Amino acid sequence: MRLEPRAHAPLWLQLAAPVGAALAALVITAVPLSWAEAPVLTAYAMLAQGALGSGFALTETLTKAAPLILTGLAAAIAFRARLWNIGAEGQLYAGALAAVMIGSGTVVLSPWLMVPLVLVAGALAGALLMLGPTLLKVRLGVDEVVTTLLLNFIMLLFVQMMVEGPLQDPMSLGWPQSMPIIDEAALPRLVERTRLHIGLIVALVAALAIWLTVQRTTFGFEVRAVGANPHAARFAGMSTTGVMVRVGLLSGALAGLAGVGEVAGLKGFLTQDLSPGYGYSGIVVAMLAQLNPLGVVLAALFVAGVFVGADSMSRAIGVSNTIADLIVAIALLTMLVASLVIRYRVRFG
Amino acid sequence: MTARPPVLCLAGIGKSFGDLVANDAIDLSLGRGEILALLGENGAGKTTLMNILFGHYVADEGSIEVAGPDGRLAPLPPGSPQAALAAGIGMVHQHFTLADNLSVLDNIVLGTERWWQPFRRMGRARQLLAGLIERAGLAVDLDVPAGSLSVGERQRVEILKALYREARILILDEPTAVLTPQETDGLFAVLRRLAADGLAIVFISHKLAEVMAISERVMVLRAGRVVEDVATAATDRAALAEAMVGRPIPAMSREPLKPGDPALVLDGVDVAGTDHRGTMHGVDLTVKAREMVGIAGVAGNGQGALAALLSGLAPPAAGRVTLFGGPFRPDAVTLIDAGVGRIPEDRHRDGVVGDMTLWENAVLEDYRRHPFRRAGLLDRAAARAHTARLMAEHDVRGGGLGTPARLLSGGNMQKLILGRVLDREPGLILAHQPTRGLDIGAATAVQARLLEARGRGAAIVLISEDLDELLQLTDRIAVFYRGRLTPLLPTEGLSARALGLMMAGHAADEALAETAERRTDAA
């Protein structure tokens with residue numbers, strides 16, 4: 001068996017590869033499922049039903065997809081420029097923290113001003129957190145994988161300090177949680193009596209905006225050129241530094257928005273377990289989407305569906321819901337294989 | 001074909017990549033002690049053929065037979081570089097494969113020892129190599145780190161490496177591309193001795209003069225087929241060029257022009273170096289409109305620093321630079337806007353973004369300005385129309401507007417870059433090795449465009465390692481040696497030999513005197 005580089009990958013293949021990768025992940029996960037002595041087909045049926053089977057299931061999946069779209073976009077835009085932002089988790093918490101600080105009664109305005117205000121504050125906080133690692137990378141060549149990753153833990157500990165200290169809700173009976181978001185700052189519900197909030201609209205608009213930016217603007221042109229060949233970009237007069245900094249800010253802002261959605265749209269207050277790793281899952285989402293901003297939406301729906309469906313599956317047949325992490329992790333690996341198939345033709349003999 | 005006992009026999013080799021037929025029914029036989037030149041343009045199938053022989057690719061059809069130590073031909077297992085090495089096929093690649101921090105000896109022995117051997121038999125290796133060095137005249141110090149060697153020495157190490165592995169067939173891929181004329185002469189002397197000793201040599205090249213000088217037989221490939229297989233003595237350069245390209249090659253002629261105002265003046269300029277480009281010190285240079293100035297030198301002696309300066313990638317550390325009579329700002333965008341066209345040395349690295357489309361690459365330097373940028377958006381229709389025109393005017397083939405640039409051949413890629421640069425009608429053009437690695441057809445097209453730009457009034461700085469090119473195209477030439485640039489000398493009265501001496505550090509008058517002496521000696 002040998003690999004030969006492909007001149008051009010047809011569109012159907014680019015679409016089929018992620019779908020095939022997702023299916024392959026499900027097939028492979030069938031092995032540990034059967035070790036757990038679970039009926040595999042029933043398990044997957046329960047998973048699908050739990051993710052899509054009812055109006056409630058569907059809104060839950062969409063609710064979970066919203067932060068994943070945003071962190072997925074954060075990773076996708078950064079990776080496009082070869083800026084390896086692994087710190088979306090920390091930036092998400094930074095956004096959530098800013099939302100709580102602004103939105104828990106510090107300022108009281110009408111909802112029409114308050115909601116945009118917490119969104120902007122969260123985006124700025126996420127962007128600011130990403131600015132440091134980006135500047136260190138472009139100025140001193142410090143590896144941003146290390147700095148962004150480690151900042152995640154710093155941010156988490158900082159949040160812990162805040163919710164056990166200055167931001168702690170006096171009404172919480174000692175629980176480490178922040179003061180609640182006031183009603184004016186809460187993101188409105190999209191569907192009554194569900195948890196689905198306008199964070200999903202924010203995420204979809206962001207996906208469309210990022211897609212337009214990458215594909216249609218001169219800035220997006222620079223991002224793609226710098227990412228694909230920084231030498232040629234620099235030779236052509238592009239400022240690789242400037243592009244990196246702007247991409248870093250944008251990426252951090254997107255992850256920060258995810259944090260605002262979780263705290264002001266869903267939970268209502270900040271705790272240190274606000275995110276079940278959305279920042280990291282966003283990397284998987286971006287890879288599944290091949291860094292395509294519109295693909296991020298589909299990939300986020302898939303990952304959210306697996307998470308939500310696995311919860312109800314585990315309740316129904318008694319298999320641990322860590323199976324969801326397994327499926328998503330294996331999907332990342334099968335996607336890596338699939339991207340090989342997109343770039344190379346496999347020949348036998 | 002040859003009276004000598006054959007050591008290599010390729011029969012009916014065919015290989016396709018998709019629709020592209022890279023090799024089509026190629027027969028090649030090589031006799032003991034024979035030097036065969038394999039000539040062909042880029043994409044003619046030379047590299048594919050050698051990759052098949054060396055086991056990197058598997059041929060779709062055909063057979064390969066190699067003579068063993070006993071002289072009997074045996075089939076070579078396909079797709080196995082190990083088998084090729086074991087069968088006595090040695091290859092010297094264009095890009096050398098030495099580990100810089102290991103000694104020459106370690107580099108040569110590397111990979112030839114069995115893993116279970118507890119002790120390295122360096123004494124025996126040394127003895128063997130001493131014999132090889134003696135026989136072939138390949139003087140190399142075995143105990144210095146490979147990183148400290150000159151390009152010519154590195155090549156000798158590569159050849160030694162092949163001989164040490166008992167190669168009976170040596171394949172050299174464009175071996176002279178990086179050598180000075182003197183080093184080339186040295187290489188040829190070595191190759192002749194090795195051939196006389198029974199080594200069969202395949203010499204891959206597109207430099208006709210060298211092919212005529214070294215080979216006994218020439219095989220010309222075109223579009224994957226053998227179009228010519230003749231004794232070198234029975235052919236000439238013009239015939240080979242025509243066979244290679246498939247049509248007669250127009251002779252390049254440079255009409256004398258009266259130079260205009262100085263476009264670029266360097267006055268005692270220093271540029272600090274980086275690893276790969278070298279430094280330059282106290283360089284004085286004046287380039288006038290309607291003038292092409294040639295810059296010669298062995299790579300790494302300062303021409304990289306000059307190119308970086310004129311590309312806007314490196315600021316002058318000292319001295320004064322005047323551009324079109326005004327100040328000079330070392331910034332790529334400013335230079336482009338001021339009317340400087342830059343053709344980078346490494347097309348793939350600096351010239352194009354391989355994964356982006358042709359139209360995106362065509363506006364890589366122009367996307368910022370009208371009509372391509374409208375309110376922050378890239379006007380794709382305008383960019384595509386512009387690219388279509390450029391591609392037609394500059395004869396860029398091998399893809400459509402949406403093809404990724406990496407799929408273009410070197411020549412077409414260069415034509416695209418050239419089109420991008422010349423379309424702005426720049427007043428100063430930096431052409432850094434513009435024809436390196438290009439086939440004759442593409443190279444002459446590029447050279448003609450540069451001469452055309454000169455005729456239109458552009459000042460051109462041509463940095464090249466191809467001395468024939470410099471002598472043919474330029475009005476004046478200066479040579480870099482260890483960061484210093486000689487004064488400009490009129491091209492008339494210079495020879496490749498004199499330039500070669502100057503590239504090795506001899507003073508200009510000395511070099512001219514010595515070559516003049518040689519000429520009288522010969523007469």
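Quick note: the coordinates plus some simple rules give every number you see, no bench work behind them. Computed from a prediction, not measured in an experiment: that's the story for all the values here. Neighbour counts run over all protein chains shown; Cβ positions are idealised from the backbone, glycine included.
Across the stretch B:173-184, coupling constants 3J(HN,Hα) worked out from phi with the 6.51/-1.76/1.60 Karplus curve, θ = phi - 60°, read 9, 6, x, 9, 4, 9, 9, 6, x, 5, 5, 4 Hz, and Gly and Pro carry x.
For the stretch B:6-245, pairs of C-alpha atoms spaced more than 27 angstrom apart make up 35 percent of the total.
Most fluctuating residue of A:334, A:271, A:194 in a GNM of chain A with Cα springs under 10 Å: which is it? Result: A:194 has the largest fluctuation of those listed.
With a cut-off of 12 Å between beta carbons, the residues surrounding residue B:338 carry a summed charge of +1, where Lys and Arg count +1 and Asp and Glu -1.
Mean sequence separation of contacting Cα pairs (under 8 Å, at least six apart), scaled by the length of the stretch B:381-438, corresponds to a relative contact order of 32 percent. Rg ratio for the protein assembly as shown: its Cα radius of gyration over 2.2 N^0.38 Å, N being its residue count, equals 1.13. Annotation for the stretch A:200-217 versus the stretch B:68-141: alpha-carbon center distance of 57 Å. Highest mean first, the peptides A:15-27, B:35-47 sorted by other C-beta atoms within 10 Å per residue fall in the order B:35-47, A:15-27. Considering only alpha-carbon pairs that sit under 8 angstrom and 6 or more positions apart, the relative contact order computed for chain A is 38 percent. Computed over Cα pairs, the Kirkwood radius of the stretch B:1-94 leads via Stokes-Einstein (1.002 mPa s, 20 °C) to a diffusion coefficient of 156 µm² per second. The value of relative contact order for chain B, using C-alpha pairs under 8 Å at least six residues apart, is 14 percent. Per-peptide packing, taken as the mean over residues of other Cβ atoms within 10 Å, places B:7-18, A:224-235, B:494-505, A:30-41 in the sequence A:224-235, B:494-505, B:7-18, A:30-41 from highest down.
As a calculated quantity, the FRET efficiency between residue A:48 and residue A:342 at R0 = 41 Å, using C-beta atoms, amounts to about 0.95.
Counting Cβ atoms of other protein chains within 10 Å of each Cβ in B:340-350 and taking the mean gives 2.
Please report, to one decimal in angstroms, the Kirkwood hydrodynamic radius of the stretch B:367-523 built from all distinct Cα-Cα pairs.
On the way: mean 1/r = 0.0552 Å⁻¹.
Here the Kirkwood hydrodynamic radius works out to 18.1 Å.
Using a/c under 1.5 as the rounded threshold, could you call chain A rounded, prolate or oblate? The axes a ≥ b ≥ c are square roots of the C-alpha gyration tensor eigenvalues, and prolate needs a/b larger than b/c, oblate otherwise. Judged from the Cα gyration tensor, chain A comes out oblate (a/c at least 1.5, b/c at or above a/b). Considering only A:208, A:173, A:326, the Gaussian network model of chain A with Cα springs below 10 Å gives its largest mean-square fluctuation to A:173. Computed over chain B, the Cα gyration tensor eigenvalues convert (square root of 5λ each) into semi-axes of 41, 29, 23 Å, ordered from largest to smallest. For the protein assembly as shown, the antiparallel share of DSSP beta bridges with both residues in that region comes to about 55%.
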